[in-house]
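The values are calculated or read from the model by the stated rules, or taken from the named source; none is laboratory data. Note that the coordinates shown come from a computational prediction; the quantities given were computed from them, not determined experimentally. Note that each Cβ is placed from the backbone with ideal geometry, even for glycine, and that neighbours are counted across all protein chains shown. Protein only, heavy atoms only, side chains kept; ligands, DNA and RNA dropped before computing areas. Shrake-Rupley method; radii C 1.70, N 1.55, O 1.52, S 1.80 Å.
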Amino acid sequence: MAAPMELYCWSGGWGLPSVDLDSLAVLTYARFTGAPLKVHKITNPWQSPSGTLPALRTRHGEVISVPHKIITHLRKEKYNADYDLSARQGADTLAFMSLLEEKLLPVLIHTFWVDTKNYVEVTRKWYAEAIPFPLNFFLPGRMQRQFMERLQLLCGEHSPENEEELEKELYQEARECLTLLSQRLGSQKFFFGDAPASLDAFVFGYLALLLQAKLPSGKLQAHLRGLQNLCAYCTHILSLYFPWDGADMPLPRQTPVGPETEEEPYRRRNQILSVLAGLAAMVGYALLSGIVSIQRATPARAPSTQSLSIAEEDEDE
């Protein structure tokens, strides 16, 4: 019997099954299609077979770490949410997917990873509390730099010289995108009728994050909450497909009260090994990134035999 497909993704928070946009989209698509996945919700990307999240290990051991490629593989395995779509609906899917990435994704990155108040009070706070020690000291900062680089790529045509003007333009386009999505959805349950498609998985990922997080600076969030059909759309998908997956963080396992059990020494050993591995990882990262460098001191040259013999002759005299 072939091994089951395994999906590694970021853990849940803010009432969502995952706090990561890509992980949330892949999880939602899998629920829509009923794909038999063994899901690992983790808070350390280094535990993933690819070192990134989300990641899918196929039945044959292949590892896929790009969300669109994960969904393509699920389609090849006969789990296709777009099977009943017409050619026109397929074209609409591509158009709206492009619209999401061009108009909504930059503002989502800005909202969670660039806006100072949101990043400090919401994003960094969640990741710093969820990621195990000592990785939580530097992984959130590294993730922020990666998202800022991604934002620069997405906004390549815009001039970065005037940040205020750029931010204003980005948020205006995002509001227009949300309004267009609201008009396209109308009173339907999903974007193409009564059954969900891949477009619904990605739209839900974008909207649910923005809707559920308690943002101190929520300019776009306020606009989304004014679009009642999109809010009802997110609530419907959450209650129907993730009725038990909205917990913020799993509670720590309770240790039975009483004499020390046989597992206690092993648990302590594993904790110590985890800390040592984390410290080693931090040191390795610092060396590789150039934060810390080691310079070899040139050893002092030993006096030659000739000079020693001269010194000995002087002493004899």
Residues of region 1-80: accessible area per residue at 1.4 Å, in Å²?
42
P(r), alpha carbons of region 87-244 - 10 Å bins starting at zero, rounded %:
10, 36, 35, 18, 2, 0
Backbone HN-Hα couplings from phi across region 21-34 [Karplus 6.51/-1.76/1.60, Hz, Gly and Pro as x]
4, 5, 4, 5, 5, 5, 4, 5, 4, 4, 5, 4, 9, x
Quick check: at a probe of 1.4 Å, how many percent of the accessible area of region 27-130 sits on carbon and sulfur atoms?
50
Using amide H atoms built in the peptide plane, which far-off residues or other-chain residues are under 5 Å from residue 18 H to H?
13
Karplus-derived 3J(HN,Hα), 6.51/-1.76/1.60, for each residue of region 104-112, Hz, glycine and proline x
9, 4, x, 6, 5, 4, 5, 5, 8
Region 86-142 - charge dipole about Cα centre, Lys and Arg +1 at Cβ, Asp and Glu -1, debye rounded to 20:
100
Taking all protein chains together and a probe of 1.4 Å, list 14, 126, 46 from the most accessible to the least accessible.
46, 14, 126
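Order 236, 110, 68, 60, most accessible first, counting only protein heavy atoms with a 1.4 angstrom probe. All intermediate terms of the calculation are to be shown ahead of the outcome.
Details: 236 60, 110 25, 68 95, 60 165 Å².
Sorted descending by solvent-accessible area, the residues read 60, 68, 236, 110.
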For region 106-186 the GluC sites (Glu not before Pro) that pass both the DSSP coil test and the at-most-16 other-Cβ-within-10 Å test are 157, 161
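Loop only per DSSP, at most 11 neighbouring Cβ atoms within 10 Å: give me the GluC sites (Glu not before Pro) in region 1-93, ordered by residue number.
In loop regions of region 1-93 (DSSP not H, G, I, E or B), the sparsely surrounded GluC sites (Glu not before Pro) are 62.
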Can you pull the Kirkwood radius for region 1-76, inverse mean 1/r over Cα pairs, to one decimal in Å?
12.2
Along the charge dipole of region 87-244, which of 96, 218, 179 sits closest to the positive end, that is, farthest toward it, with unit charges on the beta carbon of Lys, Arg, Asp and Glu (+1, +1, -1, -1)?
218
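Take every DSSP beta bridge whose two residues both sit in region 1-80, then give the antiparallel share in percent to the nearest 5.
On the way: 6 of 12 bridges.
Antiparallel: roughly 50 percent of the beta bridges in region 1-80.
Show 137, 242 ordered by accessible area, largest first, where the area counts protein heavy atoms only and the probe is 1.4 Å. Let's see the in-between values first.
On the way: 137 145, 242 10 Å².
Ranked list, largest accessible area first: 137, 242.
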Chain lengthening between residue 146 and residue 60 when straightened (0.36 nm per residue, less Cα-Cα):
27.9 nm
For residue 40, residues with placed amide H under 5 Å, excluding near neighbours
7, 8, 9
In region 1-103, the trypsin sites (Lys or Arg not before Pro) that sit in a DSSP loop and have at most 10 other Cβ atoms within 10 Å of their own Cβ are 78
Scaled to the compact-protein estimate 2.2 N^0.38 Å, what is the alpha-carbon radius of gyration of region 33-162, rounded to two decimal places?
1.27
